[in-house]
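The values are calculated or read from the model by the stated rules, or taken from the named source; none is laboratory data. Just so it is clear, the structure is predicted and the values come from calculations on it, not from any experiment. All Cβ positions, glycine included, derive from the backbone under ideal geometry; neighbour counts span all protein chains shown. Accessible surface is based on the protein model in full, side chains and every heavy atom, while ligands, DNA and RNA are left aside. Shrake-Rupley method; radii C 1.70, N 1.55, O 1.52, S 1.80 Å.
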Amino acid sequence: MKQNKVYKMTTFTCFYINSGDLEKVKSVILSLLEGFDCTIERDVEGLPSCLGQKINTALPSCLLIGKCEPEWIVIHYNNFSSLESWMKELSRVFDAYAMVTIYDSISMYAYLGIYKSGQKIREIDSGDVDKDGKDIEGVNFGEKLDFESEQPGISFKRFDGETSYYFDDESIILYAKHFGLNVEADHSDVNWTLIRVKRGGAEEHRLSLEAKRSIKPWWRFW
């Protein structure tokens, strides 16, 4: 795949597992999709078009999986769900860290979820405005991490001398580095596997009831 810094897409939705066992990660993800009709494509080159089609459903229909670093697996996916139940399960199975990263440059929306050994330990949502133009307060869940300042994100001095904070894509990059993950890594040599998920059926409805709470409404991005 001849593309540098995949993370710099205008809109991205990814999650990461702190493991070097690519085949086991694929296996666990497929187990999470049990009951769905899935197709698997190996040795995929380039970013498939389905990743750019962000769908407003509880679960993604397109997942691109590869080993981005020796001890990290990256999964690009095509919706705005924070996938909380998946992240809890993946971090539990591997007894490791798992992270979800979501960013949209048009709305300036940023999200980071961090899990460890089956538990959500940190969740940061930058907040924005709703469809009526009213401010939505961001999420600041979990204990402050050792490297964090008073508030999540990056601090700056305002003209009046007060300190303000903002959480954006650069904040996500900095946070990930503290966990040994370089989300800006060159992915040109990654061997990708693509999982396509067909929609519909009772199983999707069951899972949607659990996952739909974590979908970001479409008007938060366009």
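Check off (1) modelled with pLDDT under 95; (2) open to solvent by 10 Å² or more (accessible area, probe 1.4 Å) for E89 and give me the number that stays unchecked. That leaves (1) as the condition not met. Applying a threshold of 9 Å to beta carbon distances and a minimum spacing of six or more residues, or different chains, the list of pairs starting in region 40-66 at a residue that is on the phi < 0 side of the Ramachandran plot and ending at one that is part of a helix (DSSP H, G or I) and among the acidic types (D, E) reads T57/E204; A58/E204; A58/E210; L59/E204. Would you mind stating whether I114 is outside any helix (DSSP H, G or I) and farther than 23 Å from K144 by Cα? Taking the combined requirement at face value, the residue does not satisfy it. Selection of strands (runs of 3 or more DSSP E) fully inside region 21-99 by the criterion of at least 1 residues being under 25 Å from Y109 (Cα atoms) returns 62-69, 72-77. Considering S31, S49, S81, the condition of being small (G, A, S) and surrounded by 15 or more Cβ atoms within 10 Å (Cβ to Cβ) is satisfied by S81 alone.
Would you check if there is a residue in region 132-143 being surrounded by 13 or more Cβ atoms within 10 Å (Cβ to Cβ) and at pLDDT below 80? Checked region 132-143: at least one residue is surrounded by 13 or more Cβ atoms within 10 Å (Cβ to Cβ) and at pLDDT below 80. Only one entry of S107, S155 meets the criterion of being modelled with pLDDT under 85 and part of a strand (DSSP E or B), and that entry is S155.
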